[in-house]
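*Asks:* Below you will find the structure I want to go over with you.
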Amino acid sequence: LIANGHNYDNTTVDNKIAKSLCSTTLWNTNSNVGTPSNNLSLNNSSGFSAVPSGYRGYDGSYYLLGNACYYWTTTNYSLGNAEIRYMGINNANLMITNSNKNYGYSVRCIKN
């Protein structure tokens, strides 16, 4: 995506692709340029349509609805943790970290 100019500023360097992956609706808005929550009509140039579903915590409660989306990957980090990708209203990047498998994140199946 980056190499094909899907960064919010159409550049082909650095990781600024969150906006191109996020849906054009449901995101809480703010004025941070390049983030999924700024000028929603410019979102989703990739067609992925990530919605800000937040996540389910250990306690069964839901957090960050309208402000972030989290996706499991197929990569295990350790026995109890796996890699996740996430995007939020205050960052232009597609971010990566690992999380405990007891949390509830979204799953997106993509056909090769």
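The values are calculated or read from the model by the stated rules, or taken from the named source; none is laboratory data. Computed from a predicted model, the values in this text were never measured in an experiment. Quick reminder, even Gly has a Cβ in these numbers, built from the backbone with ideal geometry, and neighbours come from all protein chains shown. Only protein heavy atoms, including side chains, enter the accessible area calculation; ligands, DNA and RNA are left aside. Shrake-Rupley method; radii C 1.70, N 1.55, O 1.52, S 1.80 Å.
*Asks:* For a quick size check, give me the Cα extents of segment 1-62 along its three principal axes, largest first, whole Å.
*Replies:* 41, 21, 19
*Asks:* Here is a further query. Could you tell me the center-to-center distance, by alpha carbons, between segment 55-97 and segment 11-38 in angstrom?
*Replies:* The two parts, judged by their Cα centres, are 17 Å apart.
*Asks:* Moving on to the next point. In deg cm²/dmol, rounded to 500, what helix-only [θ] at 222 nm does the chain give when every DSSP H run of at least 4 residues adds -39500 (n - 2.57) and the total is split over its residues?
*Replies:* Helices in the chain give a 222 nm mean residue ellipticity of -500 deg cm²/dmol.
*Asks:* May I pose another question? What are the ³J(HN,Hα) values, in whole Hz, obtained from phi via the Karplus relation 6.51 cos²θ - 1.76 cosθ + 1.60 with θ = phi - 60°, for each residue of segment 36-52 in sequence order, with x given for Gly and Pro?
*Replies:* x, 9, 9, 6, 3, 5, 8, 6, 6, 5, 8, x, 6, 6, 5, 9, x
*Asks:* Tell me, what % of the accessible area of the chain is carbon and sulfur with a 1.4 angstrom probe?
*Replies:* 50
*Asks:* I would also like to ask the following. In nm, to one decimal, how far is the Lys111 label point from the Tyr58 one, both placed 7 Å along Cα→Cβ?
*Replies:* 4.0
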